[in-house]
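A quick write-up on the structure given underneath.
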Amino acid sequence: MSTAQPTNGSVYHRPVMLAECLQALDIKPEGRYVDVTFGGGGHSKPILEKLTTGHLYSFDQDADAEHEAAALAGPNFTFIRANFRDLQQELAAHGALPVDGILADLGVSSHQFDTAERGFSTRFDGPLDMRMDPEADRTAAEVVAEYSEAELHRIFGMYGEVTNARTLANTLVTARRGQAVRTIGELKKAIAPCTPRGKENKYLAQVFQALRIEVNDELTALQEMLLQTAQVLRPGGRLVVMSYHSLEDRLVKNFMAKGKFFGEVEKDFYGHQHTPFTVLTRRPVEASAEEVAENSRARSAKLRIAERSQEKAKS
């Protein structure tokens with residue numbers, strides 16, 4: 001069992017690029033804001049501190065996060081226990097539309113990584129779980145045990161960008177015939193024959209990323225949430241998204257620039273582009289060397305910012 005104990009936002013989860021996120025949201029004291037990834041409240045708490053008559057709505061599907069959110073209880077704060085793919089539905093149910101800003105800090109919280117029984121980290125031995133919502137049906141162990149070789153090849157190649165994904169899938173399927181693979185230690189042992197020597201940590205991180213994305217349907221949920229932001233944000237509202245790997249960042253970049261994830265920008269009869277957002281960061285904001293030295297998680301973070309277009313929001 002992990003010794004990590006959730007106590008407050010700063011311990012539970014150290015927020016990455018906090019000052020940059022707050023500046024990007026351009027917070028108005030009377031505004032209405034949404035943190036779609038509450039975690040331990042590392043971003044939510046300082047947002048809330050900047051509000052007077054405004055309101056903050058924070059989403060998370062994790063019961064541990066809900067426990068942390070209790071510390072922020074007050075008239076200006078509402079915690080919503082839900083996946084952010086339900087953004088518009090939940091905000092409408094709370095009478096909270098439209099909003100002035102949305103913040104998404106994607107990926108796994110420090111607490112989730114540091115809690116062995118959650119199965120997110122290669123540093124511990126524990127169950128192959130990886131569910132961001134502990135009440136969800138499918139675990140990583142079930143993916144490993146039940147997926148076909150072709151399906152495993154797909155997720156390791158697509159979501160983990162593993163170079164030997166086909167060999168990895170074959171090795172895993174062969175190993176599970178002889179012994180069940182239910183724990184992190186058993187998975188490491190099963191795929192040891194195809195794990196590159198000297199690059200074990202990076203390789204395992206890619207494998208775990210692939211399984212985690214599949215278990216939580218992360219990329220589909222991200223796309224569904226982003227598509228709703230154009231309806232949820234008021235004209236001039238800010239969309240602020242921080243991602244930690246290229247798959248997420250590519251989706252965010254394309255959506256902010258084109259209003260879609262693939263293909264070219266749509267144009268009308270006169271050649272005018274139809275884009276719901278104006279991009280404010282042509283290149284992503286990255287953490288300073290000082291922050292990376294203090295928090296290694298910040299190394300891969302990319303922050304992108306966009307503003308809801310005035311003219312399109314009126315149509």
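The values are calculated or read from the model by the stated rules, or taken from the named source; none is laboratory data. Since we're looking at a predicted model, the values are computed, not measured. Positions of Cβ are generated from backbone atoms using ideal geometry, with glycine treated the same way; all protein chains shown enter the neighbour counts. We work out accessible area using only protein heavy atoms, side chains counted, and drop any ligands, DNA or RNA first. Shrake-Rupley method; radii C 1.70, N 1.55, O 1.52, S 1.80 Å.
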Note to self: Between PHE261 and SER300, what's the calculated FRET efficiency when r is the beta-carbon distance and R0 is 25 Å? Round to 0.05.
What the structure shows: 0.75
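For the stretch 111-218, what is the accessible area per residue in Å², given a 1.4 Å probe and the full set of protein chains?
Working: 5270 Å² over 108 residues.
On a per-residue basis, 49 Å².
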Next item on the list: If a/c stays under 1.5 just call it rounded; otherwise compare a/b with b/c (prolate if a/b is bigger, oblate if not). Do that for the stretch 111-218, with a ≥ b ≥ c from the square roots of the Cα gyration tensor eigenvalues.
Entry: rounded
Next item on the list: Take the solvent-accessible surface of the protein heavy atoms, probe 1.4 Å, and return the percent of it on the chain that carbon and sulfur atoms account for.
Entry: 49 percent
Item checked: Alpha-carbon centroid distance for the pair the stretch 25-68 / the stretch 148-180, whole angstrom -> 39 Å
Next item on the list: At 0.36 nm per residue, minus the direct Cα-Cα distance, what do THR163 and ARG81 gain on full extension? Give it in nm, one decimal, please.
Entry: 25.8 nm
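Using Cα pairs closer than 8 Å and at least 6 residues apart in sequence, work out the relative contact order for the chain, in percent.
Relative contact order, the chain: 17 percent.
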Next item on the list: Extending each Cα 7 Å along its Cβ direction at GLU49 and HIS67, get the distance between those two points in nm, one decimal.
Entry: 2.4 nm
Notebook entry, point to check: Taking every DSSP beta bridge that has both residues in the chain, what percent is antiparallel when rounded to the nearest 5?
Noted result: 40 percent
Margin query: Probe radius 1.4 Å, ligands and nucleic acids left out: which of GLU151, GLU291 has the largest accessible area, and how do the rest follow?
Written below: GLU151, GLU291
Checklist line | Per-bin percent of Cα-Cα distances, the chain [20 Å] | finding: 32, 55, 13, 0
Note to self: Relative contact order of the stretch 111-218, please, whole-number percent, based on alpha carbon pairs below 8 angstrom and at least 6 residues apart.
What the structure shows: 32 percent
Next item on the list: May I ask for the angle, rounded to the nearest 10°, between helix 218-232 and the longest principal axis of the chain, with both axes built from Cα atoms and the value confined to 0 to 90°?
Entry: 0 degrees
Next item on the list: Could you go through the stretch 192-203 in sequence order and give the Karplus-derived ³J(HN,Hα) for each residue, using 6.51 cos²θ - 1.76 cosθ + 1.60 with θ = phi - 60°, rounded to whole Hz, and x for Gly and Pro?
Entry: 3, x, 10, 8, x, 5, x, 10, 4, 4, 5, 5
Next item on the list: Rounded to the nearest 10 degrees, what's the angle between the helix 246-258 long axis and the longest principal axis of the chain, both from Cα atoms, 0 to 90?
Entry: 30 degrees
Next item on the list: Return the aspartates and glutamates within reach of LYS260: Cα separation strictly under 15 angstrom, same-chain partners fewer than 8 residues apart disregarded; answer none if there are no such residues.
Entry: GLU224, GLU248, ASP249
Next item on the list: List the residues whose amide H sits under 5 Å from the amide H of VAL162, counting only those 5 or more places along or on another chain, with H placed 1.01 Å from N in the peptide plane.
Entry: GLY157
